[in-house]
Amino acid sequence: MRMSQYFLPTLKENPSEAQIVSHRLMLRAGLVRQTSAGIYAWLPLGLKVLRNIERIVRDEQDATGAQEVLMPTIQSADLWRESGRYDAYGPEMLRIKDRHEREMLFGPTNEEMITVLFRDGAKSYRDLPKNLYHIQWKFRDEVRPRFGVMRGREFLMKDNYSFDIDKAGAIQSYNKMFVAYLRTFARMGLKAIPMRADTGPIGGDLSHEFIILAETGESAVFCHKGLVDKDILGRDIDYDGDLQPIVNEWTSLYAATDEMHQAERFITEVPAGEQLSARGIEVGHIFYFGTKYSQPMNAVVAGPGGEQVTVEMGSYGIGVSRLVGAVIEACHDEAGIVWPESVAPFKVAILNLKPDGGVVSAACEDLYAALQAKGVETLYDDRDVRAGAKFADMDLIGTPWQLIVGPKGVAAGKIEIKNRKTGAREEAPIEQALARFG
Ligand code: 5CA
């Protein structure tokens, strides 16, 4: 993409409404704009990041055998009356009426709808297990929407729902998601720690929140330091095998959110030097709730002996749009965003320091064409602005690699390569620089 043509409205000043760094940087780098309280429009650069996060989430979900569906945002109130949650949900639910005065709502979550889809489509224990997910916009009329996309009213969530014949099957489904979540967040360059959590309006008695440590996090959290650097990506995972040993490894060390914290246990179980009390951002939340929805909504299948069995369920959420903010909270410096390569909107940037159509421009054009031909996502700063502004903008946007092209270098057949994360710069012949990418 040529920057001269890109819709990238960056801001020089810190917007006064933004209290935390990710919100400030998302506005300054032109990722999003607020359109109403807690509701955001995604601009081209922000949408690319959102899509990259979505892709990793989808990839890891598919690897577990979960199947993608797409349910609507608008739901019928009658559906929620079947589970008894229509009245229980409270003012967070946006209730609307259609022209026939039928009561509808903008979905805050989809347990009811998926239970009906499953109930109408599965009849026998042979249809189990099933795990269905979608990535869809939700609306929750939060009392205090704040921190930009972190606590929005409209937000993008991946939510899935598992159906099993018995509790043992449901725990295996839960464990699959537990492991898939560890992998998902690790691939985004994040250290997410699973913590015992409260189940709130979703219900059930087994639940973990996946928490990223950050000073600006909304929840107070307590855990064993050993959990911070545990690695999952180096492991071979067999989703058909027994995942309990891996789950145990992550759950045997103390970790709990504020609501579930037991100070006494924390002090006795965790050596003083290993105790970590911090703040965290909840990027995912998984629940096992048995028959809480399947029973009132009559989601039953025929068991092996022909008997009627009420299916066991769980649900599993990831805050896809919240993750864009969470990644920035975890990956930034005073100059701007420092994207991990896996979610970066562009992997490489070209900074043309003499965009006058001469030899420097010609070298940049060649580089740009060569990178595009290799399928490397490249942002080419071909604008007629001073070099200082180009450096500042590119640091703000956070592209992992910057190729800096100036007259002296070109005369010697060289360009400068800058690593945004470390700040390290080196000169390299153009061909050699190109060979590094793609
Ligand atoms: N149905 C269940 C699991 S699918 C559910 O709704 N769980 S949840 O309420 O915990 O939400 C799942 C994830 O969505 C949370 O972990 C969080 O990352 C994200 N989320 C929840 N509320 C918001 C919000 N207001 N703004 C942005 N993200 C949110």
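The values are calculated or read from the model by the stated rules, or taken from the named source; none is laboratory data. Bear in mind the structure is a predicted one, so any value in this text is a computation, not a measurement. With ideal geometry, Cβ positions are generated from the backbone for all residues, glycine too; neighbour counts draw on all protein chains shown. Accessible surface areas use protein heavy atoms only, side chains included; no ligands, DNA or RNA. Shrake-Rupley method; radii C 1.70, N 1.55, O 1.52, S 1.80 Å.
A simple charge model with +1 on the Cβ of Lys and Arg, -1 on the Cβ of Asp and Glu and nothing else charged puts the dipole of the chain at about 1160 debye relative to its Cα centre.
Computed from Cα positions, the angle between helix 320-330 and the longest principal axis of the chain comes to roughly 50 degrees. Heavy-atom accessible area for T310, with the other protein chains in place and a 1.4 Å probe, reaches approximately 50 Å². Provide the net charge surrounding P15, with neighbours chosen by a C-beta distance below 11 Å and charges set as Lys +1, Arg +1, Asp -1, Glu -1. Residues near P15 contribute +2 overall. Using a probe of 1.4 angstrom and keeping all protein chains present, the accessible surface of the range 37-126 works out to 49 square angstrom per residue. Projected onto its three principal axes, the C-alpha set of the range 358-433 covers 27, 27, 22 Å, listed from the longest axis down.
Taking the Cα atoms of the range 283-438, the ratio Rg/Rh between the radius of gyration and the Kirkwood radius comes to 1.33.
Placing +1 on each Lys and Arg Cβ and -1 on each Asp and Glu Cβ, with no other charges, gives the range 338-410 a dipole about its Cα centre of roughly 160 debye. Each stretch of four or more DSSP H residues adds -39500 (n - 2.57); spread over every residue of the chain, this sum gives -9000 deg cm²/dmol at 222 nm. Using only Cα coordinates, the Kirkwood hydrodynamic radius of the range 271-322 works out to 14.6 Å. If both residues of a DSSP beta bridge must be in the range 262-414, then about 55% of such bridges are antiparallel. Summarised in one figure, the compactness ratio Rg/Rh of the range 340-396, Cα atoms and Kirkwood Rh, is 0.99. Listed by chain and number, the aspartates and glutamates placed with their C-alpha closer than 13 angstrom to that of K158 are E54, D59, E60, D62, E68, E111; residues fewer than eight positions away on the same chain are left out. Calculated on C-alpha atoms, the gyration radius of the range 14-165 divided by its Kirkwood radius gives an Rg/Rh of 1.02. Projected over every direction and averaged, the convex hull enclosing the alpha-carbon atoms of the range 233-286 yields 5.5 nm².
Stokes-Einstein diffusion for the range 235-335 at 4 °C, viscosity 1.567 mPa s, with a Kirkwood radius from C-alpha pairs, works out to 71 µm²/s. Among the GluC sites (Glu not before Pro) in the range 298-333, those placed in a DSSP loop whose Cβ has at most 14 other Cβ atoms within 10 Å are E307.
Under Stokes-Einstein, with the Kirkwood radius over Cα pairs as Rh, the value for the range 1-51 at 10 °C and 1.306 mPa s is 139 µm²/s. A probe of 1.4 angstrom, applied to the heavy atoms of all protein chains, finds W137 with accessible area near 70 square angstrom. How long is the gain from A411 to E341 if the chain were fully straight, where each residue apart is worth 0.36 nm and the alpha carbon distance is subtracted? Gain on extension, A411 to E341, equals 22.1 nm. What fraction of the Cα pairs in the range 165-249, stated in percent, has a spacing above 16 angstrom? Taking all Cα-Cα pairs of the range 165-249, the fraction more than 16 Å apart is 58 percent. List residues of the range 285-305, by number, whose backbone nitrogen lies under 15 Å from a label position 7 Å along Cα→C-beta of E142. Answer for the range 285-305: 285. In a Debye calculation with equal point scatterers on the alpha-carbon sites of the range 67-147 and no solvent, what is log10 I(q)/I(0) at q = 0.19, 0.22, 0.26 Å⁻¹? Taken in order of the listed q values, log10 I(q)/I(0) reads -0.91, -1.10, -1.31. How charged is the neighbourhood of C331? Take every other residue with its Cβ under 12 Å from the Cβ of C331, and add Lys/Arg as +1 and Asp/Glu as -1. Combined, the nearby Lys, Arg, Asp and Glu give 0.
Going by accessible surface with a 1.4 Å probe and the largest first, E341, E282, E264, E60 read E264, E341, E282, E60. Count Lys and Arg as plus one, Asp and Glu as minus one, and take only other residues whose Cβ is under 15 Å from that of G303; the net charge is then -2. Across all C-alpha atoms in the range 175-323, the radius of gyration and Dmax reach 17.0, 57 Å. Expressed as a whole percent, the proportion of Cα-Cα pairs in the chain lying more than 34 Å apart is 41%. Accessible surface of T268, taken over heavy atoms with a 1.4 Å probe and every protein chain present, rounds to 110 Å². The range 19-94 has equivalent-ellipsoid semi-axes of 30, 22, 11 Å, by the square roots of 5 times the alpha carbon gyration tensor eigenvalues, sorted largest first. Atom-type composition of the exposed protein surface of the chain places 49 percent of the accessible area on carbon and sulfur (1.4 angstrom probe).
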